[in-house]
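Read through the structure below, which is laid out as C-alpha cells, and then see the notes.
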Amino acid sequence: MSTEFDVVVIGAGPGGYVAAIRASQLGLKTAIIERESLGGICLNWGCIPTKALLKSGEIYEQLSHLGGYGLSVEKASFDFGKIIERSRGVAKQMSSGIAFLMKKHKIEVVEGEAKLEKGSPSPKVVVALKAGGSRTIQAKNVILASGARARNIPAIGAVSDGDKIWTYRDALAPKAMPKSLVVIGSGAIGIEFASFYRALGAEVTVVEAVDRIMPVEDAEVSKAAQKAFEKRGITFRIGAKVTKVEKTKDGVSVAVEVGGKAETLTAEKCIVAVGIAPNTEGLEAIGLNMDRGHVVTGKHGETNVPGLYAIGDAAGPPWLAHKASHEGIHAAEFIAGFKTPHVNSPTPGCTYANPQVASVGLTEAAAKAAGIDVKAGRFPFRVNGKAVAAGEVEGFVKTVFDGKTGALIGAHMIGHEVTEMIQGFVTAITLEATEEDLHGIVYAHPTMSEAMHEAALDAYGRVLHI
C-alpha cells in the first residue's frame, strides 16, 4: 500500500466520500480514512435510517385514515423490532453501496482514526488502525471531513446514557418502543423523532427555548407546523428553559421554566436534540485557525495550514449533508486545478416529519430586516386539485420576492412531500429567476407543484384559484 497520495480525505460521510470520488475522477490518487462505517453519520445513524423510520410511521398513521379513501383494515398493528430492523437494513445497504463506489473509483480505504501532525506539503496523517498498529500517510493535500456528533449539556444533566437519556443515535435503534418521550429541541432532528414516535402512539412533549418551534423557518410555517403537530397529539412547551434532566426509577424527570414558572415533565425517555459538536478536537496543535470549534476556511475550503482543506460540519453551519457534499466537490476540483464555475446556489433545508417542511433563501422577516421591499405570496394545498384528490390538503407554499428587482429571494413550504418540491425554487434562485420567469413557466396538471406557480402569482396579485 502506498503512503504517497495526491489527496487524503479524513472522514467518509457525505462530504468526504463525495470529495474522494470527485478527486479520483479528476485523476488524483486518493485515499479515504474512516473510523467507523463508510457513509458516516448520515448514511448509518442520521439522514437515511431516520427516513426509513419516518416512512414506517407515516404509513401506520395513514391506516387510521383509510376510511376517507373508501378503504378499511382490521386490527392495525406494528412490530417495533421489525421497524428498527428495516431501518438498520437500509443503512447497511447504503453503506455497502459506498464501499462499491470506493472500489470502482480505485480509492484506497483506510480503516482507523486519524490524527493530524505538522508536515509538508500538507499535514501528516497518523492513523490508529482499526486492525491494530498505526500508519503514517503523507499526501500533497488533505481534506478534513470529520463531521460532528450530537451535543450534550452536562451542566443540566442532559447527557446520553443510551438507556433513559438519548441522542439521535440512541433513538434510532432502541430495544423497545417507549410509551412516552420528552424531546429537548424543536429543530429538524427533534421534530422528526417526535413525529415518528408519536405516529406509533407514544406520548410526546417537545421543549423549545425560544418563542416558536422550528425557529429557523419562516414564522408562518412555524405556526402552521405547530398546529399540525398538535393536531396529531404532540404537546409543546415553548419559551421553556430546561434547568435539569434527571433519571428516575421509572424514566426521566425534566425540569423547565416557562414564563418564570417552574414545572416538571416526566417521561420514559428523553431525547436531547440541541445541535451538534464538531469533531475537531486537537487541531489547534498544528496551528489551525478555529472559531468556536469549527475550522475557519476560505471559499474553496482552504485553511491557513498549507495543503489542508475542511468541509462539511467541521467547517461550520449549516450542518447539512448536501452542503458537505457540495463543499467536498468544490474542494476536490480546486485542488485539481479545475476551473469550477462560480454558482451562488442557496442551501435548502428540509424536515421530514409529517407534515414535511422545506425552505430556501430568506424568510419574509429576514428580508424585511435587511431593508428589502418584500412581495410575498401564498397558496394553500386545500384548493390544489392533486392535493385534494390525494387527500393531502394540509399546508401551503409561500414565496418571497424582492419587490424592486422581481428576484425570488426565498421560498417556504409545509405539506406532503414538499421536500421533493423545494428543489424547483432552489434552481430558480440559483438561476436568478424573477417573477416574470416564474409566472411564465408551464406546470404539469394536476400536480401539487402547481401550488408553487400560484404562490408566485399571488405575490403580484395574479393568483388564479383563490
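Some notes on this structure:
- Mean projected area (nm²) of the alpha-carbon convex hull when segment 15-114 is viewed from all directions: 8.6
- Its alpha carbons considered, segment 57-176 gives a radius of gyration followed by a Dmax of 22.4, 70 Å.
- Ordering of 425-433, 26-34, 220-228, 153-161 by packing [mean C-beta count within 10 Å, highest first]: 26-34, 220-228, 425-433, 153-161
- Spacing of the two label points (7 Å from each Cα toward its C-beta) at ASP163 and ARG292, in nm: 3.5
- Viscosity 1.002 mPa s, 20 °C: Kirkwood-radius Stokes-Einstein D of segment 84-151 over Cα pairs, µm²/s: 149
- Cα gyration tensor category, rounded, prolate or oblate, for segment 223-337 with a/c compared to 1.5: prolate
- For segment 1-56, the spread of Cα positions along each principal axis, largest first, Å: 46, 22, 13
- Counted over segment 405-466 with a bin width of 10 Å, the fraction of Cα pairs per bin, in whole percents, is 21, 60, 20, 0.
- Rg over Rh [alpha-carbon atoms, Kirkwood Rh] for the chain: 0.99
- Highest mean packing first, where packing is the average number of other Cβ atoms within 10 Å per residue, the peptides 73-82, 233-242 line up as 233-242, 73-82.
- Per residue of the chain, the DSSP helices (runs of n ≥ 4 H) give a summed -39500 (n - 2.57) that works out to -9000 deg cm²/dmol at 222 nm.
- Cα Rg, Dmax, segment 265-318, angstrom units: 15.4, 52
- Oblate is the label for segment 214-285. Its Cα gyration tensor axes, ordered a ≥ b ≥ c, give a/c of at least 1.5 and b/c at or above a/b.
- Over 29 Å (Cα to Cα) - which of LYS103/LYS339; LYS55/LYS227; LYS92/LYS386; LYS247/LYS323 fall in this group: LYS92/LYS386; LYS247/LYS323
- GLN93 paired with ASP373, simple spin-label distance in nm, labels 7 Å along Cα-to-beta-carbon: 5.3
- For the chain, taking a cut-off of 4.7 Å between Cβ atoms, the unpaired cysteines are CYS270, CYS350.
- With all pairs of different C-alpha atoms in the average, the Kirkwood value for the hydrodynamic radius of segment 119-164 is 14.2 Å.
- For the residues CYS350, CYS47, a 1.4 Å probe over the protein chains yields an accessible-area ranking, largest first, of CYS47, CYS350.
- Inter-probe distance in nm under a simple model that places probes 7 Å from Cα toward Cβ, at LYS103 and VAL383: 5.7
- Once the C-beta distance of ALA365 and SER345 is scaled by a Förster radius of 30 Å, the resulting FRET efficiency is 0.85 to the nearest 0.05.
- Of the trypsin sites (Lys or Arg not before Pro) in segment 253-345, the ones in a loop by DSSP (not H, G, I, E or B) with at most 14 other beta carbons within 10 Å are ARG292, LYS299, LYS339.
- Rg to Rh, two decimals, where segment 339-438 supplies the alpha carbon set and Rh follows Kirkwood: 1.00
- Average accessible surface for segment 250-349: 49 Å² per residue, computed with a 1.4 Å probe over protein heavy atoms with every protein chain in place.
- Charges were assigned to the Cβ only: +1 to each Lys and Arg, -1 to each Asp and Glu. The resulting dipole of segment 67-196 about its Cα centre is roughly 500 debye.
- Heavy-atom accessible surface of the chain: percent carbon and sulfur, 1.4 Å: 53
- For segment 458-463, Karplus couplings with θ = phi - 60° (6.51, -1.76, 1.60), whole Hz, Gly/Pro x: 4, 4, 10, x, 10, 4
- FRET efficiency, 1/(1 + (r/R0)^6) with R0 45 Å, evaluated for VAL73 and ILE441 via beta carbons: 0.65
The values are calculated or read from the model by the stated rules, or taken from the named source; none is laboratory data. Everything quoted here is computed from the prediction, not taken from an experiment. Virtual Cβ from ideal backbone geometry, glycine too; neighbours counted across all protein chains shown. Side chains are part of the model used for accessible areas, which takes the heavy atoms of the whole protein and leaves out ligands, DNA and RNA. Shrake-Rupley method; radii C 1.70, N 1.55, O 1.52, S 1.80 Å.
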